[in-house]
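Okay, so here's the structure we're looking at.
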Amino acid sequence: MALIVQKYGGTSVGDVDRIKNVAQRIQKTRAEGHRLVVVVSARSGVTNELIARAKAINDHPDTREMDMLLAIGEQETIALTAMALHALNIPAVSYTGAQAGIFTDQVFTKAKIKKINPQPILKDLQDGKVVIVAGFQGINEEGQITTLGRGGSDLTAIALAAACRADKCEIYTDVDGVYTADPRVVKNAKKIDEISYDEMLELASLGSKVMQSRSVEFAKQYGVVFEVRSSFNHNPGTIVKEEVAYMEKVVVRGVALDKDQAKVVISSLPDKPATAATIFNALANASINVDMIVQTVGHTGSVDLTFTVQRDDAANAVKVLPAILAQIGGGELKAFDNIAKLSVVGVGMRTHAGVAATLFTALGNAGINIQLIATSEIKITVAVDRARAEEAQRAAHDAFALGT
Ligand code: ADP
Ligand code: ASP
Ligand code: MG
């Protein structure tokens, strides 16, 4: 008799019939003799809808009130899931994040989990109940509701698996597992049987939204092995764990695309110490995360600085920077809202040469211009025009023969 944590994402609980389907899957697992903690997301689209409503009322909604609002999406689905189980005569109880003992820091809308007190859950399990927990939410020390960042139900599931010392953690979604690329964009993308935390983490943080990147980070830190699989069939999914056996032979594991990027170009900056420090400190103070950075020195002795930011942050960067450029004494500012970031990821790159050349050749042959390049030990990222991003993703996927 194992303890299993199952997480069902937004599409999997998207309507009444799907919630009933989830209840049946829980019933089956229980009939096999297992105890269950189930984490559910809000119905798909609900969190986006709530955000849109908040912004229609106030451009900059207060973050405490935002979390108060966003937490209701998951509160609906936990109660409905518990009711669906009751209809099958299965004892079940639903808990909000706070009731489940999930304590976070104070940072509304992207709170970090500080500790979990799983005692109430463990007690219910002992009493034979299925425990249903609201994903994506917790409570801070002052008793305020917090949320864990978009896609945060994945984190709730993995953190509960660690805190309850579960034997298994299963992330149920609307695709069969983690693929070599988004299967909705790249038709011949192939399901990956096993992937390492490091590769999954890169793919997730570079735009593969199948897993929230912080949840993968947490899983790596606490050694939580988990499986990503579909709630619509019984096919085996993708196991995510520390080491993967056939790693050596695989150079590129997958391709990720992030279409929500913007590029900021500051040309004709004075070439003197602390210029970059002044600019990037100002951006950091405005909570703008900068990603890829390229600095070039022109022959006139001035410097051109180009960097990418999240698309949502571009307008803010354009607002903050003119005052800073005036202070530095020069620099012309331009922002481009039409950027996508394409990345190839694989731990095999550590020991193989020529990966960058293969990627650049594939994009060159497709006539796609590379605007910026960044590399690390296990990834190569390029910024390209958003209009050609999906084509670029397919070209990269083919170049490394990742398809079926
Ligand atoms: P959930 O609501 O279950 O959390 P998400 O929508 O957050 O589901 O994530 C699943 C989606 O992630 C899939 O529908 C798929 O389009 C997308 N996706 C992006 N990259 C990948 C990938 N490499 N493998 C699988 N799915 C991916
Ligand atoms: N409902 C939240 C979101 O849409 C959390 C989740 O689905 O994981 O981001
Ligand atoms: Mg998700």
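The values are calculated or read from the model by the stated rules, or taken from the named source; none is laboratory data. These numbers come from a predicted model, not from an experiment. Reconstructed Cβ throughout: ideal geometry from the backbone, glycine too, with neighbour counts over all protein chains shown. For the accessible areas, the whole protein counts, side chains as well, though only heavy atoms, and no ligand, DNA or RNA atoms are used. Shrake-Rupley method; radii C 1.70, N 1.55, O 1.52, S 1.80 Å.
Given just the C-alpha atoms of the chain, how large is their convex hull per residue in cubic angstrom? All intermediate terms of the calculation are to be shown ahead of the outcome.
Numbers: hull volume 62.2 nm³, N = 404.
Cα-based convex hull of the chain, divided per residue, equals 154 Å³.
Kindly state, to the nearest 0.05, the FRET efficiency for Lys110 paired with Arg350, given R0 = 25 Å and r defined as their beta-carbon distance.
Values: r = 31 Å, r/R0 = 1.24.
The formula returns an efficiency of 0.20 here.
Quick one: if you stick a label point 7 Å off each Cα along the C-beta vector at Asp167 and Asp398, how many nm between them?
Each label point is offset 7 Å from its Cα along the Cβ direction, giving 4.7 nm.
Which far-off residues, 5 or more places away or on another chain, put their amide H under 5 Å from the one on Lys168, with H placed in the peptide plane?
Here the answer is Leu3, Val5, since their amide H atoms fall under 5 Å of that of Lys168.
Just the accessible area per residue of segment 22-75, please: how many Å² with a 1.4 Å probe?
Details: 2880 Å² over 54 residues.
On a per-residue basis, 53 Å².
Regarding segment 59-177, what is the average projected area of its C-alpha convex hull, in nm²?
On the way: hull surface 33.6 nm².
Averaged projected hull area, Cα only: 8.4 nm².
What stretch of the chain, leaving out the sites themselves, is the longest with no GluC sites (Glu not before Pro) in a DSSP loop having at most 12 other Cβ atoms within 10 Å?
Details: sites that count: Glu32, Glu141, Glu142, Glu242, Glu243, Glu377.
Result for the longest clean stretch: 244-376.
Could you provide, to the nearest whole Å², the per residue accessible area of segment 213-300 with probe 1.4 Å? Please list the in-between numbers first.
On the way: 4480 Å² over 88 residues.
Per-residue value: 51 Å².
For a Förster distance of 56 Å, can you work out the FRET efficiency between the beta-carbons of Val318 and Phe232, rounded to the nearest 0.05? All intermediate terms of the calculation are to be shown ahead of the outcome.
Values: r = 43 Å, r/R0 = 0.77.
Once rounded, the FRET efficiency stands at 0.80.
Could you give the nm distance between label points at Ile370 and Glu243, where each point is 7 Å from its Cα heading toward the beta carbon?
3.3
What number, rounded to the nearest 500 deg cm²/dmol, is the helix-based mean residue ellipticity at 222 nm of the chain, given -39500 (n - 2.57) per DSSP H run of at least four residues and division by all its residues?
Mean residue ellipticity at 222 nm (helix-derived): -11000 deg cm²/dmol.
Rounded, prolate or oblate: which fits segment 1-123, taking a ≥ b ≥ c as square roots of the Cα gyration tensor eigenvalues, rounded meaning a/c under 1.5, else prolate when a/b beats b/c?
On the way: a/c = 2.86, a/b = 1.52, b/c = 1.89.
The shape class here is oblate.
To test your reading of the geometry: what angle, between 0 and 90 degrees and rounded to tens, separates the Cα axis of helix 275-285 from the longest principal axis of the chain?
Roughly 30 degrees, rounded to the nearest 10.
Just to check, using Stokes-Einstein with a Kirkwood Rh over alpha carbon pairs, what's the diffusion coefficient of segment 261-335 at 10 °C and 1.306 mPa s in µm²/s?
Values: Rh = 12.2 Å.
Answer from the Stokes-Einstein relation: 130 µm²/s.
How big is the dipole moment of the chain about its Cα centre under a simple scheme where the beta carbon of each Lys and Arg is +1, that of each Asp and Glu is -1, and everything else is neutral? Debye, nearest 20, please.
Values: 43 positive and 45 negative charges, 108 e Å.
With Lys and Arg at +1 and Asp and Glu at -1, about 520 debye.
Let me spell out the model: positive unit charges on the Cβ of Lys and Arg, negative unit charges on the Cβ of Asp and Glu, origin at the Cα centre of segment 7-83. What dipole size does that give, in debye rounded to 20?
On the way: 11 positive and 10 negative charges, 101 e Å.
Once rounded to the nearest 20, the dipole reads 480 debye.
In whole percent, how big is the carbon plus sulfur part of the accessible area of the chain, probe 1.4 Å, protein atoms only? Present the calculation step by step, with values, prior to reporting the outcome.
Values: 9160 of 18400 Å².
Roughly 50 percent, rounded to a whole number.
By how many nm would the segment from Val297 to Ala326 lengthen if fully extended, with 0.36 nm per residue of separation less the alpha-carbon distance? Walk me through the intermediate numbers first.
Values: separation 29, 0.36 × 29 = 10.44 nm, distance 1.99 nm.
Full-extension gain reported as 8.4 nm.
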